[in-house]
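Undergrad: Pasting a structure here, questions to come.
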Amino acid sequence: MENKEILELSSSAWKERVYIETSEHIIKGDVFMPKIGKRSRLISEILNTSKNFIAVKNCTLEYKLQPTKPVEPHDFLEVNVLSILIMRPLDD
């Protein structure tokens, strides 16, 4: 992604650092939503869209069923909305 694309994304979308838990994984990363509506509704709006997947950027992936496996850093992951058990803002 070029710098211009990153600038356009950051100025036209809210960014929120989140914790996502599925039955097999823990994902910590950034999600984005267009700057439409209230920022306080960001997570509920992401989960209640008609889309099947959520894009997560600058994230880590932990394996719950394999705790000795190292945490994997990823630039980008897509998470199936139906697989999400918990999604909440992450306070760093």
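The values are calculated or read from the model by the stated rules, or taken from the named source; none is laboratory data. Note that the coordinates shown come from a computational prediction; the quantities given were computed from them, not determined experimentally. Please note: Cβ atoms are built from the backbone with ideal geometry, for glycine as well, and neighbour counts cover all protein chains shown. Keep in mind that these areas ignore ligands, DNA and RNA; they rest on the heavy atoms of the full protein, side chains included. Shrake-Rupley method; radii C 1.70, N 1.55, O 1.52, S 1.80 Å.
Undergrad: Cβ contacts < 6 Å: first residue closer than 16 Å to Val81 by Cα and surrounded by 11 or more Cβ atoms within 10 Å (Cβ to Cβ), restricted to segment 47-68; second residue modelled with pLDDT of 90 or more and polar (S, T, N, Q), any location; separation 6+ or different chain. Result?
TA: The qualifying pairs are Phe53/Asn80.
Undergrad: While we're on this one: Can you pull out the residues in segment 47-71 that are in a loop (DSSP other than H, G, I, E, B) and among the basic types (Lys, Arg)?
TA: Lys51, Lys64, Lys69
Undergrad: Sort out which residues of segment 67-79 are modelled with pLDDT of 95 or more and either on the phi > 0 side of the Ramachandran plot or not β-branched (Val, Ile, Thr) (or both), and write them in order of number.
TA: Lys69, Pro70, Glu72, Pro73, His74, Asp75, Phe76, Leu77, Glu78
Undergrad: Separate question: Here is a list: Arg17, Arg39. Which entry is open to solvent by 50 Å² or more (accessible area, probe 1.4 Å) and at pLDDT 80 or above?
TA: Within the list Arg17, Arg39, the selection yields Arg17.
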